[in-house]
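Take a look at the structure below.
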Amino acid sequence: MTAEMPIGTRLDSSEIAYLRAPKFNRHTFWCGQSGSGKTYALGVVLEQVLLHTRLPLVVLDPNSDFVHLDTPQDDAPEGAAAQLASRDVRILRPGSTGEDHLQVRFVDMDIRSRAAVLQLDPVLDAEEYNAMLRVGAEFTMRDDHNLAEWLEAHGDPMIRRLALRLRNLGVLEWDMWAWGGHDVTDTVNELPDATVVDLGGFGSAAQLQTTALAVLDRLWAQRHERTGRLVVIDEAHNLASPEADTPLARALTERIVQIAAEGRKYGIWLLLSTQRPSKLHPNVISQCDNLALMKMSSTRDLDELGQIFGFTPSELLDRAPQFQQGQALFAGGFAAEPQLVQMGARLTREGGSDVPIGIR
């Protein structure tokens, strides 16, 4: 394998199009309107990262689109299929059993993130916030689901109020807590070739956001280890919205903004995929040095991208409204030069697909 990753063919010459694997050590913005083939094309690139690099992938997958990244297509070339099958790809799912059960340890989350889950303000709810600090170590000793009863029987009235808050919010009913057991961050720290965190199976946005935040909290807490990782956030507008309107959504957005601003020097590199740049927090997009753009009809969005990614020729951006499904513009460090590409075929199964219309 080489550092040049084939991803399809150039539109203007039919030559093989490549991306430069070493240049994924910077943040990437991946954008395309609904129906452009954005998720399929992203899968093509992630497969090539698995084939050509030792860069661990952490995929936050809100729509369960990459849950078959460990399963080669029946018609995939034999050599590539064998190599992909040999990669250590972990798929973590809510409600599963065994080591692939997607779980989170509440006490390992950053204190501000725990407060966001419980909707606690450190000033307005100072006593309960302090009680959460004091009781944190005791949480780790709980290996069952009787936590509320244990808190309610506690001698500290503020800790008993935590129990009431947990019950009122329904947090204890979430089937995602690891208590003292193995959780998603343990899997990520084992450095498999890819960890796909299937966020699409959760019943509420709060559970999705909590899990994503737990992963990002741990990566940030360990940043000084400088372990290179590519963190892929699909449908990133769901996790880093400029209009985050709950404590949990704001905490998650702030963490992603922080990683976008400072993560590169620690080896935490983001790849953020979304439908429109206006849906993603501007302080995240502004930190990206790579651009992958698929069909985009909005002139306003294209103008914004032209201003952010000034290295992209305007004549190529202007062609985006005419792109067919699976066609993309790549520019920035990971492309030797700005190029228009017809994406190649997937080597692994695609998780999501359009809902078909039945024909009579």
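What follows draws every value from the coordinates through simple rules; no lab data is involved. What you are looking at is a predicted structure, and each value in this text was computed from that prediction instead of being measured. Note that we place each Cβ from the backbone using ideal geometry, even for glycine, and neighbour counts take in every protein chain shown.
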* Considering the convex hull of the alpha carbon atoms of the chain, report its projected area averaged over all viewing directions, in nm², one decimal. => 20.4 nm²
* With axes computed from alpha carbons, what is the tilt in degrees of helix 126-139 against the longest principal axis of the chain, rounded to the nearest 10 within 0 to 90? -> 80 degrees
* Structure fact -> Once Lys and Arg are counted +1 and Asp and Glu -1 for all other residues with Cβ under 11 Å from that of P56, the total becomes +1
* Dipole of the chain, positive direction: furthest Cα of S13, L230, A251, with charges on the beta-carbon -> S13
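Could you order peptides 211-224, 245-258, 310-323 by the average number of other Cβ atoms within 10 Å of their residues, highest first?
Details: 211-224: 20.8, 245-258: 18.9, 310-323: 14.4.
Top to bottom by mean Cβ count within 10 Å: 211-224, 245-258, 310-323.
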* Using the Cβ atoms and a cut-off under 15 Å, what net charge is assigned to the surroundings of D12, where Lys and Arg are +1 and Asp and Glu are -1? -> -2
* Asked: How do S298, S86 rank when sorted from fewest to most other Cβ atoms within 10 Å of their own Cβ?
  -> S86, S298
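Using the eigenvalues of the Cα gyration tensor, what equivalent ellipsoid semi-axes result for the range 223-285 when each is taken as the square root of five times the eigenvalue, whole Å, largest first?
Details: eigenvalues 85, 34, 16 Å².
Computed over the range 223-285, the values are 21, 13, 9 Å.
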* Note down the nm distance, to one decimal, between modelled labels 7 Å out along Cα→Cβ at A345 and at T246. => 4.2 nm
* Asked: Summing -39500 (n - 2.57) over the DSSP H runs of n ≥ 4 in the chain and dividing by its residue number, what mean residue ellipticity at 222 nm do you reach, to the nearest 500 deg cm²/dmol?
  -> -10000 deg cm²/dmol
* To do: Just tell me which aspartates and glutamates come within less than 13 Å, Cα to Cα, of K38; anything on the same chain fewer than 8 places away is out.
  => D65, D234, E235, E350, D354
